[in-house]
1. Looking only at region 32-53, which residues are part of a helix (DSSP H, G or I) and either of a type in the set (A, V, I, L, M, F, W, C) or touching a residue at least 12 places away in the same chain (Cβ under 8 Å) (or both)?
2. Quick check, is PHE29 within 27 Å of ILE146 (Cβ to Cβ), in contact (Cβ under 8 Å) with a residue 60 or more places away in the chain and among the aromatic types (Phe, Trp, Tyr)?
Amino acid sequence: MKLSYIYEVFLLALLVLLQTLLLNRIHLFGVATPILYIYFLLKLPIGRNPFYVIISGFMMGLLIDIFLNTPGMNAAATTIVAAFRKPVINLIFGREDYEQYVPGIHSSTGPFVRFTILMVVFHQTLLFFIESFTFFNITHTLLLIISSSLITCILIFALDSLTHNSNPREQS
């Protein structure tokens, strides 16, 4: 059990550094920014304590906000997404009895794809509406949400395909 927490801390640190040092500088076509740090919330075991998930989401968002000098947008978005994670998992996976089950593309492709798309679009919607804080230029905000969600989902699926079997908890 302690090994899984060490793995999660390592994954969190790696994703925060990757996001702040590299990915935030990428703006494909001026609108698509990959936001890969949400992968951390997607890969937590289904049975993980919801309080732990929410605190982890908040801390991850806060770290991103500190490194990027933003006023709490990422902390707010990731905390809300973390709070909705368990109901979405129950809706999509229906696996309340698998405490240590970790969602993945190889173990449950269809549900994982639906879960990832739903959570990423939800996160991007929250993040970009918190950032713009207006409905004035809604077409541009929707373009940001769609394009960033698309590039983020592609990166998450690629990363999850590469990391299959590296986590022993993912074996079902």
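Values in this text are rule-based calculations from the coordinates and carry no lab data. None of these values were measured; they are calculated from a predicted model. Note that each Cβ is placed from the backbone with ideal geometry, even for glycine, and that neighbours are counted across all protein chains shown.
1. Within region 32-53, LEU36, TYR37, ILE38, TYR39, PHE40, LEU41, LEU42, PRO50, PHE51, VAL53 meet the criteria.
2. It is true that PHE29 is within 27 Å of ILE146 (Cβ to Cβ), in contact (Cβ under 8 Å) with a residue 60 or more places away in the chain and among the aromatic types (Phe, Trp, Tyr).
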